Amino acid sequence: VSPTVTALNGKYYDTTTGKPVEFTDEIKQNEQMVQKSLKYSDQVVNGDLLRFYTPEGFTPVDRSKYNYNHRDKNKTK
């Protein structure tokens, strides 16, 4: 939730000591911010944002023609 508070299974703990802490408005705000950030992160990771990029004259890339798993051995570092 924050650098000082850790959440686990709906309970909140002091990150340093591991002792339970009382749920506060500050923790609630931090938790909401974290959930929102994770939601956006999931959308970026799991979504194909380029499908929305369609400027005039744009030719979509055929992703099946590219493999980034192997380096070109002819190129130097």
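The values are calculated or read from the model by the stated rules, or taken from the named source; none is laboratory data. Please read these numbers as outputs of a predicted model, since none were measured by experiment. Heads up, the Cβs are rebuilt from the backbone with ideal geometry, glycines too, and the neighbour counts pull from every protein chain shown.
For this structure, a couple of remarks:
- Candidate set from the range 3-14 (those that are in a loop (DSSP other than H, G, I, E, B) and within 17 Å of residue 29 (Cα to Cα)); member that is modelled with the highest pLDDT: 4
- For the range 17-56, a residue qualifies if it is surrounded by 10 or more Cβ atoms within 10 Å (Cβ to Cβ), among the polar types (S, T, N, Q) and not in a helix (DSSP H, G or I), and exactly one does: 24.
- Scanning the range 1-16 for residues that are touching a strand residue (DSSP E or B) at 6+ places or on another chain (Cβ under 9 Å) and either polar (S, T, N, Q) or exposed (fewer than 14 other Cβ atoms within 10 Å of the Cβ) (or both) turns up 4, 6, 11, 14, 15.
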